[in-house]
Amino acid sequence: MSKGKLIIFDTTMRDGEQSPGASMTRDEKLRIARALERMRVDVIEAGFPASSNGDFEAVRAVANVVKDCTVAGLCRANDKDIQRGIDSLKGANSWRIHTFIATSALHMEKKLRMSPEQVLEQARLSVRYAKNACPDVEFSPEDGSRSDPDFLCRVLEAVIKEGATTINIPDTVGYAVPEQFGEMIRRLRERVPNSDKAVWSVHCHNDLGMAVANSLAAVMIGGARQIECTINGLGERAGNTSLEEVVMAVRTRKDFFDLETRLDTTQIVPTSRLVSQITGFVVQPNKAVVGANAFAHASGIHQDGVLKARETYEIMTAEDVGWATNKIVLGKLSGRTAFRQRLKELGIELDNEDAYNKAFQRFKDLADKKADIFDEDLLALVAQEAGVSTEEHWRLVTMSQASGMGEKPHAKVVVAEAGREIKSEAQGDGPVDATFKAIESVAKSGAELLLYSVNAVTQGTESQGEVTVRLAKGGRIVNGVGADTDIVVASAKAYISALNKLASKVQRLNPQHQV
């Protein structure tokens, strides 16, 4: 590793996926992996291969597609898990086994029910097993920030001796504070005799809102040279270290950090939007770097200053992170070649010619409704196409609804179940509620509605509305996405999309393992 290089390890598809409702299908993971590769992250943690057959196949698919990044899989510290990881990753150009076991007294006693000596031996043997097949092995002591330093040093020395090339210290529950965490990493590196044989990494959670600060303190004070992070700070509970914030902090304050990453930062916003669309987790407007207001100036004094000299109130430009890439590109006169080329430029690859034909027809239908088609429109259209490509047990044929002041909203739908059309109608508290009740009276899914989210894809009153519906049933949590210039139609599409995912075996159970 060259001096001054900061390794960016993205775990959006593994730790980020552990947010309830964020579980991704194989095709969704492939889309995100391609975006991360365009961004040029160093390591993509594609999933937890042993958690399910679905995740095994998703990790294998990512490993076989990605050429310019290392692909990693997370494995518990046992031979069975590690072998599943090896089998899923061995087709990659560059691959890494990431194995872990808890080392805090609390976790060892209450969760693992193992003695410290048993944990030490298990960690040592697991790294040895992984190293026999894979030259690049990362080890993480789960709940490292609350582990006994003396015991932690013994474990880390042992796994480095067995061949671990990266040592990652997780702040699993977001308990650390920056100065203390940075000092902890520094002391570990000083006390572990063979610490110079491995790259030191950190993986911080955001429970107290300090994940980015803790990660950067570990770099500056502790000497860590890898940060594990996620797009949009996605992750269970309060999330993980935000990739975009870490990368832009290091880039903007290069005078302080004296480090560089290899990332193409212009891909940050497009990737952020893709992850938001796939997971249904909306980015808050005032989110650093990728929020809609990140480069907006409402104050008259600020506006005056920016107009005179941009740097008066902007420490980085919108173009640096990809905001300027969203331009009007297509319209109703655009043909198939221009459509396919723009999808390619956006990193969108559809499975076959039939999928392109269906997507193109959706594009033409949209172009009849609105004059200008933006990149965001295309991303929403393809997200919807991905939902349609799920095994179509249910299909929305037609719908209509009526509402007005002093009137009870009413909806009529025709839904096809395995090709058989069924009519239904219902009243509700609003047009969307009435539509959902009409659909549910046919589907009788009994699913619980966890989330209903509406976002304008672009600006203006003719914008498409993109709706995310999150349903839960029997321990499964799925997202459905729908887009249309009519928000009620978009809502119906999203509900049908979620019902199809519940009916399909493609969407897997949400993983519960953590580091």
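Just so you know, all these numbers are worked out from the coordinates, no wet-lab data involved. This one's a predicted model, so the numbers in the text were calculated from it and none came from an experiment. We place every Cβ from the backbone using ideal geometry, glycine too, and count neighbours over all the protein chains shown.
Points to keep in mind about this one:
- GLU392 paired with GLU319, simple spin-label distance in nm, labels 7 Å along Cα-to-beta-carbon: 4.3
- Contour minus Cα-Cα distance for LYS254 and LYS90 (0.36 nm per residue): 55.4 nm
- Site pair GLU121 and SER445 shows an inter-label distance of 4.9 nm when each label is modelled 7 Å from Cα along Cα→Cβ.
- About its Cα centre, the chain has a charge dipole of approximately 800 debye under the convention of +1 per Lys or Arg Cβ and -1 per Asp or Glu Cβ, with nothing else charged.
- Long-range amide H partners of LEU451 with built H, under 5 Å: ARG470
- Förster radius 45 Å - calculated FRET efficiency between ALA402 and MET220 (Cβ-Cβ, nearest 0.05): 0.15
- Ranking SER453, ALA438, VAL246 by how far each Cα lies toward the positive end of the dipole of the chain (charges on Cβ) leaves ALA438 at the top.
- Inter-centroid distance (Cα atoms) of the stretch 364-381 relative to the stretch 176-249, Å: 41
- Ranked packing of 190-199, 272-281, most packed first, by mean Cβ within 10 Å: 272-281, 190-199
- Between ASN286 and LYS364, the modelled labels are 4.7 nm apart [label points 7 Å from Cα along Cα→Cβ].
- Farthest positive-ward along the stretch 47-155 dipole, Cα basis, beta-carbon charges - from ILE82, PHE100, PHE139: ILE82
- For the pair the stretch 414-492 and the stretch 60-139, the centres of their Cα atoms are 40 angstrom apart.
- Amide H contacts of ARG40 (H built 1.01 Å from N, under 5 Å, at least 5 apart or other chain): ASP264
- Estimated at 0.36 nm per residue, the fully extended path between ARG191 and ALA418 surpasses their Cα-Cα distance by 75.3 nm.
- Peptides 91-104, 257-270 ordered by average Cβ neighbours within 10 Å, highest first: 91-104, 257-270
- Among (1) 91, 49, 48; (2) 73, 58, 46; (3) 86, 57, 45, the entry that matches Cα extents along the principal axes in Å as calculated here: (2)
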